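A.B. asks: Just dropping this structure here.
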Amino acid sequence: MPEKFTPFTPQDSVMLLIDHQQGTLDFCRNISRTTIVQNARALARIAKALDMPVVLTTSQEDHAQGPLIPDMQEILPEAYEARIKRSGMANAWHDENYRNAVLKAADGRKNIIMAGLTNDVCIVYPSISMVEEGFNVQVVQDAGGSPNAIGEDAARRRWENYGVVTTSTNQLVAELGVDWSTEAGGKLIQITFEEVISHLDEM
């Protein structure tokens, strides 16, 4: 029997967007590039609208992975400028600069929302490491992807075995928004419509 459900709130959560890089997007084949970008944009806008701390990171920007998608600079210019440029560490949590940036952003918050590329490498390992560090972690699976369905499924099973929760962009919106009649809820439903629902026919 699962423990009692305690929803994440904007006040106790940090958003981590990992390696949404132009080249790395090409590595993901189990989900469309359009879907990943739209959901990543939605997460970035959600964090901004709800004043949640955000940490961005990249791996080897000067290699095949390339720079972050322009959307991150457009939506989160300050976080973009402060992004942690990893030299190639697969598990971002093992990068001292990244770990310190996350701990500083958290500042006592214990809930981590994370998404990125690829789920089967760059998300599975730090998500597990952060649970072991004492954080509650949710992975927004549809704001990232893997080279194939087998890798995606293996990653999800592995992180869930360590207590990481799998969620989707829409589920997260409902969890954080709670009530669409509130100011925060209204902002989130608008973001969801603009980034996801209005583009469903393009997928």
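The values are calculated or read from the model by the stated rules, or taken from the named source; none is laboratory data. These numbers come from a predicted model, not from an experiment. Positions of Cβ are generated from backbone atoms using ideal geometry, with glycine treated the same way; all protein chains shown enter the neighbour counts. Heavy atoms of the whole protein, side chains included, go into the accessibility calculation; ligands, DNA and RNA do not. Shrake-Rupley method; radii C 1.70, N 1.55, O 1.52, S 1.80 Å.
A.B. asks: Which condition from (1) open to solvent by less than 70 Å² (accessible area, probe 1.4 Å); (2) under 22 Å from residue 28 (Cβ atoms); (3) not basic (Lys, Arg) is the one that residue 165 breaks?
C.D. replies: Condition not satisfied by residue 165: (1).
A.B. asks: For segment 61-90, enumerate the residues that are in contact with a Gly (Cβ under 8 Å, 6 or more places away or on another chain) and among the polar types (S, T, N, Q).
C.D. replies: Within segment 61-90, 65 is the sole residue that qualifies.
A.B. asks: Can you run down the residue pairs with Cβ atoms below 9 Å, 6 or more apart or on separate chains, where the first is in segment 94-105 and without any contact (Cβ under 8 Å) to a residue 12 or more places away in the chain and the partner is assigned to a helix (DSSP H, G or I) and among the aliphatic types (A, V, I, L, M)?
C.D. replies: 99/92
A.B. asks: Checking the condition touching a Pro at 6+ places or on another chain (Cβ under 6 Å), open to solvent by less than 40 Å² (accessible area, probe 1.4 Å) and of a type in the set (D, E, K, R), which residue from 175, 152 passes?
C.D. replies: 175
A.B. asks: Could you tell me whether any residue of segment 171-184 is part of a loop (DSSP other than H, G, I, E, B), aromatic (Phe, Trp, Tyr) and at pLDDT below 95?
C.D. replies: Checking segment 171-184: at least one residue is part of a loop (DSSP other than H, G, I, E, B), aromatic (Phe, Trp, Tyr) and at pLDDT below 95.
A.B. asks: Just checking, does segment 145-168 include any residue being part of a strand (DSSP E or B), of a type in the set (S, T, N, Q), within 16 Å of residue 112 (Cα to Cα) and in contact with a Ser or Thr (Cβ under 6 Å, 6 or more places away or on another chain)?
C.D. replies: no
A.B. asks: Moving on to the next point. Give me the pairs: first residue in segment 30-48 and without any contact (Cβ under 8 Å) to a residue 12 or more places away in the chain, second residue in a helix (DSSP H, G or I), beta-carbon distance under 8 Å, and six or more apart or on different chains, which are they?
C.D. replies: 33/25; 33/26
A.B. asks: In segment 1-115, which strands (runs of 3 or more DSSP E) lie fully inside it and hold 3 or more residues that are buried (at least 17 other Cβ atoms within 10 Å of the Cβ)?
C.D. replies: 13-18, 54-59
A.B. asks: Something else: Please state which of the following conditions residue 36 fails to meet, knowing it meets all the rest: (1) closer than 21 Å to residue 81 by Cβ; (2) in contact with a Cys (Cβ under 8 Å, 6 or more places away or on another chain).
C.D. replies: (1)
A.B. asks: Here's something else I'd like to know. From the list 101, 40, 115, 47, which residue is farther than 17 Å from residue 137 by Cβ and at pLDDT 95 or above?
C.D. replies: 40
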